[in-house]
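Right, one structure below, let's go through it.
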Amino acid sequence: MNSTSIRRSAVFGTLSSLAGFVVVVALTFLGLLALTFFIGRVIPIDPVLAVVGDRATSAQYEAARVAMGLDRPLIVQFVSYVGDVLRFDLGMSVSTNRPVAQDLARVFPATLEMATIGIFIGIMLGVPAGVLAAARQGTWVDQIIRVFALLGYSVPAFWLGLVGLAIFYAGLGWVSGPGRVDIFYDGITPVVTGMLTVDSLIAGDGTVFRSALSHIILPATILGVFSLAYIARMTRSLMLDQLHQEFVTTARVKGVPEWQVIWVHAFGAIRVPLITVIGLSYAALLEGSVMIETVFSWPGIGNYLTTALFNADMNAVLGATLVIGAVFIVINKVSDVLYRILDPRSR
């Protein structure tokens with residue numbers, strides 16, 4: 001086979017892989033659309049009643065039902081729903097009287113900001129803790145790390161949030177309370193990314209940055225505890241598997257320093273699967289921050305979803321659910337792509 005044929009084969013293989021990736025993402029997203037649509041139809045909340053109110057006449061109710069397209073066959077409604085989503089039209093929110101897509105674009109950066117700090121804390125503490133537990137398997141160090149990881153994975157988020165507020169805000173005064181920023185600075189920073197700590201740095205406003213950081217550090221740390229627990233457990237498990245491999249034993253027999261055996265040989269072998277672990281943990285923080293946002297009055301997508309549920313705002317509920325599911329799909333697929341790039345054996 002000449003070089004031209006090899007290049008053509010490589011290009012064809014790359015295009016085939018890309019096409020397969022696009023098809024998988026499209027089918028997964030279509031399944032997510034179907035799930036959110038049919039959940040919206042079987043949930044015991046009448047979207048028409050949420051719009052017209054419980055004092056509307058039968059004629060008003062029926063007119064609103066027709067205007068919302070709920071009189072059409074279910075399959076026709078689903079096709080229309082898919083078309084609207086592809087145009088980024090998620091309907092109007094009953095709670096805010098604004099387009100749901102506009103609301104989600106406003107609240108999602110707040111969740112992204114908190115989850116990003118949380119996953120950074122989880123990585124910085126969870127990975128070394130997992131490596132240390134594996135290297136000291138069976139010792140008191142291993143036991144303490146395992147117990148801490150178990151507690152971090154088991155303690156309810158709302159309880160940990162309330163305890164954190166009672167100790168570090170009300171008791172010690174080390175951090176600011178609920179909310180995203182002190183009320184004096186609310187709305188004065190130009191919105192660029194939607195993440196207040198980043199936008200305040202861009203604007204060069206150190207006062208707003210310090211206030212935003214003081215508000216976000218406690219909820220982000222609590223989220224970081226949950227990601228830390230999961231990342232530490234998975235890192236320990238992956239490391240234990242590698243520390244019993246022959247190449248690690250060979251390195252030790254050759255007199256390689258123990259720190260190099262652990263961090264270069266064993267840890268180097270788990271870096272690729274660890275990417276998937278971190279990606280899944282990050283996605284879980286983005287979709288699982290509902291309770292933390294509620295406790296801390298954090299204006300993110302979790303708080304928005306909770307408010308929409310209480311107000312029977314189905315367009316907002318389905319829109320938020322769809323965005324959370326789409327984020328999970330994207331992060332999962334990005335992790336899969338990175339896995340394939342960094343590990344030639346998986347190609």
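The values are calculated or read from the model by the stated rules, or taken from the named source; none is laboratory data. Just so it is clear, the structure is predicted and the values come from calculations on it, not from any experiment. Backbone-built Cβ (ideal geometry, glycine too); neighbour counts: all protein chains shown.
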Against the definition (in a helix (DSSP H, G or I) and within 26 Å of the chain's Cα centre (by Cα)), how does Gly164 come out, yes or no? yes
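Can you find, within segment 251-282, the residue that is surrounded by the most Cβ atoms within 10 Å (Cβ to Cβ) among those that are polar (S, T, N, Q) and modelled with pLDDT under 85?
Thr276
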Yes/no for Tyr153 being aromatic (Phe, Trp, Tyr), touching a Ser or Thr at 6+ places or on another chain (Cβ under 9 Å) and surrounded by 13 or more Cβ atoms within 10 Å (Cβ to Cβ): no
Would you please list the contacts, defined by Cβ atoms under 6 Å and residues six or more apart or on different chains, that run from a residue in segment 208-237 that is closer than 12 Å to Ala129 by Cα and outside the structural domain of Ile183 (by TED's automatic domain parsing) to a residue that is basic (Lys, Arg) and surrounded by fewer than 23 Cβ atoms within 10 Å (Cβ to Cβ)? none
Consider segment 177-200. How many of its residues are closer than 19 Å to Thr111 by Cβ and part of a helix (DSSP H, G or I)? 5
Against the conditions (1) among the hydroxyl-bearing types (Ser, Thr, Tyr); (2) touching a residue at least 12 places away in the same chain (Cβ under 8 Å); (3) part of a helix (DSSP H, G or I), where does Thr249 fall short? Just the number, please. (2)
Could you go through segment 284-291 and let me know if any residue there is at pLDDT below 80, closer than 24 Å to Thr306 by Cβ and β-branched (Val, Ile, Thr). yes
Take Phe120 and decide whether it is at negative phi, modelled with pLDDT of 80 or more, in the same structural domain as Ala308 (by TED's automatic domain parsing) and surrounded by fewer than 19 Cβ atoms within 10 Å (Cβ to Cβ). yes
